[in-house]
1. Keeping all protein chains in position, work out how much accessible area B:VAL193 exposes to a 1.4 Å probe, and write it in Å² to the nearest 10.
2. Averaging over every viewing direction, what projected area does the convex hull of the Cα atoms of region A:219-338 cover, in nm²?
3. Take every DSSP beta bridge whose two residues both sit in region A:2-246, then give the antiparallel share in percent to the nearest 5.
4. May I ask you to work out the translational diffusion coefficient for chain B at 37 °C, viscosity 0.692 mPa s, via Stokes-Einstein with Rh from the Kirkwood sum over Cα pairs, reported in whole µm²/s?
5. Against the longest principal axis of chain B, how steep is helix B:18-39, in degrees 0 to 90 to the nearest 10, with axes from Cα atoms?
6. Relative to the first principal axis of the alpha-carbon coordinates of chain B, what is the inclination of helix B:184-200, with its axis defined by its Cα atoms, in degrees from 0 to 90 and to the nearest 10?
7. If you average the sequence gap of Cα pairs under 8 Å that are 6 or more apart and divide by the length of chain A, what percent do you get for the contact order?
8. If you line up the Cα atoms of region A:251-312 on their principal axes, what length do they span on each, largest first, in Å?
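The values are calculated or read from the model by the stated rules, or taken from the named source; none is laboratory data. All figures in this text were calculated on a predicted structure; none of them were measured in a lab. As a convention, Cβ positions derive from the backbone with ideal geometry for all residues, glycine included, and neighbour counts pool all protein chains shown. Accessible surface is based on the protein model in full, side chains and every heavy atom, while ligands, DNA and RNA are left aside. Shrake-Rupley method; radii C 1.70, N 1.55, O 1.52, S 1.80 Å.
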Amino acid sequence: MFGAGQRAARRPAAAGAAPAAHADPPAVRMRGVVKSYGGREAVRGIDLTVAQGETFAFLGPNGAGKTTTIRMLCTLAAPSAGSIEIAGHDTRTAPRQVRRSLGLVFQETTLDPELTAEENLRFHADLYALPAAGLGGRIDAMLGLVGLRERRNSLVRTFSGGMQRRLEIARGLMHRPRLLFLDEPTIGLDPQTRAQVWTHLAEIRRREGTTVFLTTHYLDEAEQCDRIAIIDEGRIVAEGSPDALKAVIGSDRVQLRTDDDEAAAALLRARFGLEPAVADDGITVRVADGARLVPAVCAGLDVAVYEVVVSRPSLDDVFLHFTGRDIRDDRTGAGGLS
Amino acid sequence: MTATSVGPAPSAAPEPGRFAAEWRAGVMVWRREMIHFLRNRTGMAVSLLQPLLFLYILGIGLSRMFSGPGSSSDYMVFLFPGVLVMAAQAPAISVGASIVWDRESGFLREMLVAPVRRSTLLVGKCLGGATVAACQGGVVLASAGLTGIPYRLGMFAELLAELVLASLAMTVMGAVVAVRTRRVRTFHTVLTVLTAPLVFLSGLMFPVSAMPAWMAAVTVVNPLTYAVDAMRRSVLSHYDAPAGSRLFDPVRWGGHAVPPLLSVALVAAFCAVVVAAASRAFSRTE
């Protein structure tokens, strides 16, 4: 069942990943990547392709190999076996080109608090040897993109957590990377600031067409991505669009409250061939397409229906299904990338 | 795929010339050290206090105890190059601390993932530290007249160059420890343990010629010995040292005085070797 589910999840993903059929190399291509530390395998063979322009979420419990994978992707660690290409450049043979193609936003701040916002961006421009012509305009545009234009001359030390994160995103984009990596970009931020960061990310995708690769513990954020991969124990256990992954779980849950639950349940069994479960608070049925069932049920039951609730399977269900763990248990102790 | 991506495909910046790129990154790292230095005026003033106290309180006090031939200001003149080195020591070593601090605070990662060589980053950092250290030492140098050293342009230029070199030597020592250290506290402990003997066994406070043989033997392998000696030779070329004073004996290898230029070359070689070692450790990928 497990294997079948995985295939089902991959098929729509593969179709979605097919780029506009030209020679552009994928943003990320990992083949048989293994990383071991002194005999312990942190990553045990990952194959992964992320197309240009996609927004891709990388999920996994702590210790699943997420951090190690990202360290390898951004050339901070070398794979023990297999190969990684970023925008067509091999991380081992062409690390400079790889770094030039990458923008990085880490979980912990990597800004210099004693410099101003603009100085941090200028430092970045010098590190990446960006042409001096048009640099002022680029800095202005990036600060505008994340709503920090008015604070360009303030020391970063005086910024709130959300402002720092936004400035890091602006900095990560300064050199027009093909691929923007974000490691838990919204962790430790209040819900309002989280929403703001996501608004900016959407704007970035629209304006810069950058491929976005992120790790997150917030499934509502993963939901907004084109594709998701779930990693557990050093392997990718599921991969696909949020909808495709949820389809693996299969059924929607329909909850009914009626005038006479026992009678309604009997009718559901007889007329619709369903297996309803009756409890004190109503009837629960699992069906492939809950929305389609609702009008039929309302018309076809001779009992008065007070309430119908259709719930689609959530990514929480998906995560639990593939890793056997609840992602919320992990959230507090999210590991860093040092 | 993404319904929203309508913008033009982003084009990565054209690959600039390798050397130009490295140069620019190095200059930026150097400039960052300068900015930090200039924005921390209190720290600057405080770290100047120690060498000045050392020179004008301890120096004057100790000079009264010397009963050799010549005037009591001889000891002040003797001590002066050493105090220059001491003035440069704190800022030089703080570069190492800032490498560890950058690692702890996360900023180091911004540099490590940039498309530049790690050795460029390290050299920029060390030169930045050496510049700051030489500036601090330069303030003490400007007070030379108070000790009886005459103001001569050539001598000052020589002393300043030697001061830069001595600063660099101490900076790279800090850096080579820093690239292997993960915690700021560990770094300070290691450096304190290392620098005390280096300072005491350099002929900085008392002459090598007055040391017992076993102690003098250690000074021969101490790079600071040569830095201090070279500076002292520069001062002596413009100061009439009393004949027969052991204070101003040059560093000797088996009875032969080491020429000042060789001393300078030794310190420079030390810097080069240590920077190379630090770069190697710094560049290692997991």
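1. 100
2. 9.5
3. 55
4. Diffusion coefficient, whole number: 161 µm²/s.
5. Compared with the principal axis, the helix lies near 60 degrees.
6. Helix B:184-200 sits at roughly 30 degrees to that axis.
7. Details: 621 pairs, mean separation 71.7, N = 338.
Relative contact order of chain A: 21 percent.
8. Each principal axis gives a Cα extent; for region A:251-312 these are 25, 22, 19 Å.
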